[in-house]
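Read the structure below first, then the notes.
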Amino acid sequence: MGITKPPCTTSYASHSDLYADVLQSAIKSRDPFVRRSVHARIIKHGLHLGVFLMNNLLNFYAKTGSFSDVHRNTILSAYAKRGNFEAAQRVFDEIPEPDSVSWTSMIVGYNMLGHFDNAIHMFLRMISCGVSPTQFTFTNVLASCAATEALDIGRKVHSFIVKLGLSSVVPVANSLLNMYAKSGDSVMAKVVFDRMRLKDKSTWNTMISMHMHFGQLDLGLALFQEMMDPDIVSWNSIITGYTHQGHDVKALEIFSLMLNSSSSKPDKYTLESVLSACANLENLKLGKQIHAYMVRANIDISGAVRNALILMYAKAGISKLDVISFTSLLDGFVKIGDINPARDIFDSLEFRDVVAWTTMIVGYVQNGLLSDALDLFRKMVREGPKPNSYTLAAVLSVFSSLASLGHGKQLHATAIRLQEASSISVDQEASEMQGKVHKNVDLAKVAAKNLLLLDPNNSGAYSALANMLSACGRWKDAAMIRKSMKDRAIKKEQGISWVQIQNKVHIFGVEDGLHPQRDAIYRMISKIWMEIKKMGFIPDTDSVLHDLDQEVKEQILRHHSEKLAIAFALLNTPGYATLRIMKNLRVCNDCHSAIKYISKLVGREIIVRDSTRFHHFNDGSCSCQDYW
């Protein structure tokens, strides 16, 4: 009986129908040639994993009496790899004496679909039955051990490998190396690595990744530099390692080196890491260039990469800018008016997890777009995942800014109901809200006490309470809080501001006298101070939370770090340039008011990023509408 070759235009589904019909007809003839030909063509056409065909082939072998262990193993493997473990187990149980291929097929199937515990259990059964594992068995069971960090079992597997003399086989040695690295045993990983006579890229990459994960950055970089031709996995291991360990500048340096000296092209893992680094450094210029590269290269942006884009744009303090059109094939940026690019990316997400929602809400809050933050939060409650402590803390800060104590209390109650009220972020915002809205010292004390129970060394809780007491004129109580900090050796974080000019960062503190341009800076701020007072600016001496003479208070205010940074930036930038100032603490009332006048005086936009949000000062007003 011959077989007609199906026409090339026939689909896989019709191939399945044809071969199923042929197998049904061949049962009657019991022709072995037909059996071999059909089975070979099924494999050739890539249909060997189809359940429908496998069932027909299984039925054919069973009814013709030609079902050897080889045939059973083929079908067993097909069922296992498709996740049809019920059928796979049935075939496995019908094999009189399962060999290493039978056992390994089951282990591979479980491992491929993430059923790692089942894979390990199958391996242990295999050993107890006296069946000798192959190198393919070992690589798969070690992968399962690595995934579950089953170090004890992994060590037993290692002993079997040594006993069978397979420890020098590169794939097996690499699997051992990976198992020890993923299970946290860096000492044994190093032993395995040093004993390997032959090493491939996978060997080096595993060791580099392990060193970077454990913070052994110098060791990871040294191994990377020993590689003759690192691939994209090698580069990603180094870049991601530096990013995760907080060395964002170094991560971007390695990324630049990769682009300039390697044939490797960035993939989604590279881009996620470098965008995260840009976000952490608030390097908008480079972040936009990377985004443009992604569009030009037609790189699929999904999941973590898109979330990294949202974070990068949100942290950059952008509400109006040129954005990349995802539907355009043209290079560069397309102006789309007032649309926030981060929201554009957020809206394009098919699936938004709590990180994406929270990042977008925090972005709005940090840019002073409070109504947008609340609108998105309401939408999250209606349509999205359950808010976490960071989401709730962000929205509490909005109510604090809007002086809406009632809404804040309602949200705090929601946090308690969601069991998120005990988080440090929520308690800190609750404490600040009580103090800022109605100067409710007693309630703020309760919130601060809860925060200090969670984090006894939190200087922010002490400072917030002391500042509020000072603002209420309760100088003795404030002094007692500060003395309590001193007695407990808790240091308040010193306020600093910084500005980047021509790739160099200049840092300023209060009454800073160390900068080389000190005299010019102080002359500039004195001139500005006189001019804005003529425009109607009144120094807010209440912002100096110490019992001092008014004249001394005004001098301290004039030399706050952000004002010095602005004076320096005005001296060293073109008259049309936007000034970008960073501050590690919340900007005080006096500085906020003064910078509004300064922006009007000099006719320039001034963006100040403090610990809570971005303030966009322009022509005498601020984007936060004086709520922050």
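The values are calculated or read from the model by the stated rules, or taken from the named source; none is laboratory data. Values in this document were obtained by computation on a predicted structure and should not be read as measured data. Positions of Cβ are generated from backbone atoms using ideal geometry, with glycine treated the same way; all protein chains shown enter the neighbour counts.
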Query raised in the report: Of everything in the range 486-528 that's at pLDDT 90 or above and of a type in the set (K, R), which residue is nearest to F568 (Cα to Cα)?
Result: R523
Query raised in the report: Considering the range 586-608 alone, what residues qualify as being buried (at least 22 other Cβ atoms within 10 Å of the Cβ) and within 31 Å of the chain's Cα centre (by Cα)?
Result: V587, I606, V608
Requested in this report: Of the conditions (1) in contact (Cβ under 8 Å) with a residue 24 or more places away in the chain; (2) crowded, with 21+ Cβ neighbours inside 10 Å, F224 clears all except one; give me its number.
Outcome: (1)
Query - Options N205, N118, N174; residue that is within 30 Å of D229 (Cβ to Cβ) and out of contact with any Lys or Arg (no Cβ under 9 Å at 6 or more places or on another chain) - result: N205
Report summary line: Restricting attention to the range 373-391, the residues that are more than 19 Å from the chain's Cα centre (by Cα), part of a helix (DSSP H, G or I) and in contact (Cβ under 8 Å) with a residue 12 or more places away in the chain number exactly 5
Report task. State whether one or more residues within the range 155-171 are surrounded by 17 or more Cβ atoms within 10 Å (Cβ to Cβ) and within 28 Å of Y269 (Cβ to Cβ). Result -> no
**Report entry** Counted residues, the range 496-516 - those being β-branched (V, I, T) and over 28 Å from the mean Cα position of the chain (by Cα)
**Finding:** 3
**Report entry** Matching residues in the range 504-535 - criterion: being acidic (D, E) and either outside any helix (DSSP H, G or I) or touching a Pro at 6+ places or on another chain (Cβ under 7 Å) (or both)
**Finding:** E511, D512
Query raised in the report: part of a helix (DSSP H, G or I), touching a helix residue (DSSP H, G or I) at 6+ places or on another chain (Cβ under 6 Å) and either free of Cβ contacts under 8 Å to residues at least 60 places away in the same chain or surrounded by fewer than 16 Cβ atoms within 10 Å (Cβ to Cβ) (or both): does that describe E272?
Result: yes
Query raised in the report: Any residue at all in the range 218-226 that is touching a helix residue (DSSP H, G or I) at 6+ places or on another chain (Cβ under 9 Å) and outside any helix (DSSP H, G or I)?
Result: no
Query raised in the report: Is it true that some residue in the range 185-198 is in a loop (DSSP other than H, G, I, E, B) and either on the phi > 0 side of the Ramachandran plot or touching a Phe, Trp or Tyr at 6+ places or on another chain (Cβ under 9 Å) (or both)?
Result: no
Query raised in the report: Quick check, is G603 in contact with a Lys or Arg (Cβ under 9 Å, 6 or more places away or on another chain) and farther than 15 Å from E562 by Cα?
Result: no
Query raised in the report: Mind checking which residues of the range 116-146 are surrounded by 17 or more Cβ atoms within 10 Å (Cβ to Cβ) and over 22 Å from L164 (Cα atoms)?
Result: F116, N118
Query raised in the report: L571: at pLDDT 85 or above and more than 39 Å from the chain's Cα centre (by Cα), yes or no?
Result: no
Query raised in the report: Looking at D185, D218, D229, D200, which one is closer than 21 Å to T139 by Cβ, of a type in the set (D, E) and surrounded by fewer than 15 Cβ atoms within 10 Å (Cβ to Cβ)?
Result: D200
Query raised in the report: Can you find a residue in the range 279-296 that is at pLDDT below 75 and either more than 22 Å from S623 (Cβ to Cβ) or over 18 Å from the mean Cα position of the chain (by Cα) (or both)?
Result: yes
